[in-house]
Amino acid sequence: MSYFERIKEYKIKESPIIMGIETSCDETAVAIIKNGREILADEIISSATEHAKFGGVVPEIASRTHTTAILTATKNALDKAGLTLNDIDAFAVTQGAGLLGALLVGVSFAKSLAFSTGKPLIPVSHIRGHISASYLADKKLEPPFITILASGGHTAIVAVEDYYNINVLGSTLDDAVGEAFDKVARVLGLSYPGGPNVERLAKEGKNVIALPKMLKNYNGGEFDFSYSGLKTAVINYVHNQTAKGESVNKADVACSFQCSAIDVLIDKAVLASKKFGYKTICVSGGVGANGYLREKLTERANKEKIKLVLPEKRYCTDNGAMIGAEGYLQYKKGNFANLELNASAVIPLK
Ligand code: KG4
Ligand code: ZN
């Protein structure tokens with residue numbers, strides 16, 4: 001009997017133990033999740049310091065690091081959970097979006113585990129994974145809710161209508177917010193990864209530099225964003241000051257940029273929750289780890305009497321637990337792949 005014939009006969013379990021594997025960028029992450037919400041183990045091996053030397057992620061270095069780190073991460077996760085491979089009920093893996101070579105390492109590895117154990121292989125969308133991190137943060141969380149999706153590749157206000165249906169209310173027309181953080185970090189001479197370094201510097205500065213208040217007066221989609229103008233304004237400001245021989249207060253630039261970039265995310269999420277009557281806002285994606293966002297959004301949610309779910313910072317940035325959490329939802333639907341599964345650099349946000 002072929003692998004897929006066996007999987008067709010597979011009986012879905014009530015409380016499965018799922019391994020989540022994530023290799024879309026520079027984190028090799030493997031987690032073990034019980035019943036969709038309980039983290040039994042969660043290993044992350046980052047190659048960020050390798051990329052920092054080059055100012056950004058080098059895809060070839062990311063792929064090579066995954067090939068060596070993935071076995072260690074898996075072994076450590078199993079050891080920490082006190083389990084063996086045979087205890088895992090299904091293998092969920094990020095199929096995309098991300099760096100193709102990096103994704104292929106995780107996909108190939110997950111296929112081999114699924115094949116050798118005879119257990120289901122579950123392809124997971126990285127973005128849906130980010131959204132599902134909120135189910136780990138609040139074990140009682142149920143849709144509907146609004147999520148602010150803010151990562152290095154995506155920026156959107158998403159209405160999560162039920163566990164499977166999401167409605168993108170608006171998204172960025174150009175750069176993603178994380179990408180803008182990374183580019184501003186570069187112009188300020190800060191190393192990769194840019195977001196946390198901009199945040200650190202911003203703490204020493206003030207919001208005193210006039211930057212475009214993004215899309216405040218934009219008459220296109222009410223929930224859309226545009227980060228390219230803000231990024232360019234920061235770059236122009238730094239270059240103009242330097243050309244005039246005037247000093248640049250980098251901390252003020254970082255703080256002013258951060259306020260402009262984040263305030264609009266909060267405003268639009270609150271607007272969406274009020275307009276459509278959603279009582280909960282969640283945060284997903286790497287920029288969700290930003291302390292200013294977390295603080296301001298907490299204040300605002302309290303004021304507006306909106307429930308807020310903020311996953312721990314570790315579960316905002318890339319991790320395997322979120323892939324296990326989303327894998328659980330797909331497992332319950334029997335959305336299993338065969339061994340021809342391929343990675344995909346782009347996956348539509350839907
Ligand atoms: O979700 P993520 O880990 O990977 C993608 O799916 O893109 O997000 C990475 C992005 C990067 O652009 C990084 O600079 C940003 O999240 N980021 C932050 C912070 N931590 C990570 N941006 C602002 N403040 C942070 N503390
Ligand atoms: Zn991500």
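Of all residues assigned to the range 300-313, at least one qualifies as being assigned to a helix (DSSP H, G or I) and either within 30 Å of Cys25 (Cα to Cα) or within 13 Å of ligand 1 (Cβ to nearest atom) (or both).
The rows are residues; the columns are (1) within 18 Å of Ala269 (Cβ to Cβ); (2) away from ligand 2 (no atom under 16 Å from the Cβ); (3) among the hydrophobic types (A, V, I, L, M, F, W, C).
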{"residue": "Pro120", "(1), (2), (3)": "no, yes, no"}
{"residue": "Val124", "(1), (2), (3)": "no, no, yes"}
{"residue": "Ile131", "(1), (2), (3)": "yes, no, yes"}
{"residue": "Leu141", "(1), (2), (3)": "yes, yes, yes"}
{"residue": "Gly153", "(1), (2), (3)": "no, no, no"}
{"residue": "Val160", "(1), (2), (3)": "yes, yes, yes"}
{"residue": "Tyr163", "(1), (2), (3)": "no, yes, no"}
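I'd like the residue in the range 139-165 that is over 16 Å from the mean Cα position of the chain (by Cα) and assigned to a strand (DSSP E or B) and, out of all such residues, is farthest from Ser24 (Cα to Cα).
Residue satisfying both the conditions and the ranking: Phe145.
Within the range 20-42, residues that are within 16 Å of ligand 1 (Cβ to nearest atom) have Cβ atoms under 8 Å from residues that are part of a strand (DSSP E or B) and modelled with pLDDT under 95 in these pairs: Asp26/Ser46; Glu27/Ser46; Thr28/Ser46, counting only partners at least 6 apart in sequence or on another chain. A residue that is crowded, with 24+ Cβ neighbours inside 10 Å, in contact (Cβ under 8 Å) with a residue 60 or more places away in the chain and more than 15 Å from ligand 1 (Cβ to nearest atom) occurs nowhere in the range 163-177.
With respect to (1) modelled with pLDDT of 95 or more; (2) aromatic (Phe, Trp, Tyr); (3) not in a strand (DSSP E or B), the lone exception for Phe54 is condition (1). When Ala251, Ala243 are checked against the criterion of being modelled with pLDDT under 95, surrounded by fewer than 19 Cβ atoms within 10 Å (Cβ to Cβ), among the hydrophobic types (A, V, I, L, M, F, W, C) and under 26 Å from Ser191 (Cβ atoms), a single residue qualifies: Ala243. Only residues that are within 13 Å of ligand 1 (Cβ to nearest atom) and in a loop (DSSP other than H, G, I, E, B) were counted across the range 260-299, and they come to 2. Would you point out the residue of the range 13-34, among those that are over 19 Å from Thr72 (Cβ atoms) and in contact with a strand residue (DSSP E or B) (Cβ under 8 Å, 6 or more places away or on another chain), that is surrounded by the fewest Cβ atoms within 10 Å (Cβ to Cβ)? Once the filter is applied, the top-ranked residue is Ser15.
For the range 277-333, filtered to residues that are among the small types (Gly, Ala, Ser) and over 28 Å from Ile17 (Cα atoms), the residue that is farthest from the chain's Cα centre (by Cα) is Gly277. For Gly153, the conditions (1) crowded, with 17+ Cβ neighbours inside 10 Å; (2) away from ligand 1 (no atom under 16 Å from the Cβ); (3) closer than 18 Å to Val287 by Cβ; (4) without any contact (Cβ under 8 Å) to a residue 60 or more places away in the chain all hold with the exception of (2).
Residues in the range 16-35 that are in a loop (DSSP other than H, G, I, E, B) and more than 17 Å from Ser132 (Cβ to Cβ) were compared, and the one that is nearest to ligand 2 (Cβ to nearest atom) is Cys25.
Taking the criterion of being surrounded by fewer than 16 Cβ atoms within 10 Å (Cβ to Cβ), out of contact with any Ser or Thr (no Cβ under 7 Å at 6 or more places or on another chain), β-branched (Val, Ile, Thr) and closer than 26 Å to Ile44 by Cβ, would at least one residue in the range 326-346 satisfy it? Checking the range 326-346: at least one residue is surrounded by fewer than 16 Cβ atoms within 10 Å (Cβ to Cβ), out of contact with any Ser or Thr (no Cβ under 7 Å at 6 or more places or on another chain), β-branched (Val, Ile, Thr) and closer than 26 Å to Ile44 by Cβ.
Applying the set (1) of a type outside the set (D, E, K, R); (2) surrounded by fewer than 24 Cβ atoms within 10 Å (Cβ to Cβ); (3) closer than 17 Å to Ile235 by Cβ to Val198 leaves exactly one unmet item: (2). Take the conditions (1) part of a loop (DSSP other than H, G, I, E, B); (2) closer than 21 Å to Tyr292 by Cβ; (3) not polar (S, T, N, Q); His130 misses just one of them, which is (1). Residues in the range 178-189 that are within 10 Å of ligand 1 (Cβ to nearest atom) and either assigned to a loop (DSSP other than H, G, I, E, B) or under 17 Å from the mean Cα position of the chain (by Cα) (or both): Gly178, Glu179, Ala180, Phe181, Asp182.
The values are calculated or read from the model by the stated rules, or taken from the named source; none is laboratory data. The model shown is predicted, which means the values in this text are computed figures rather than measured ones. Reconstructed Cβ throughout: ideal geometry from the backbone, glycine too, with neighbour counts over all protein chains shown.
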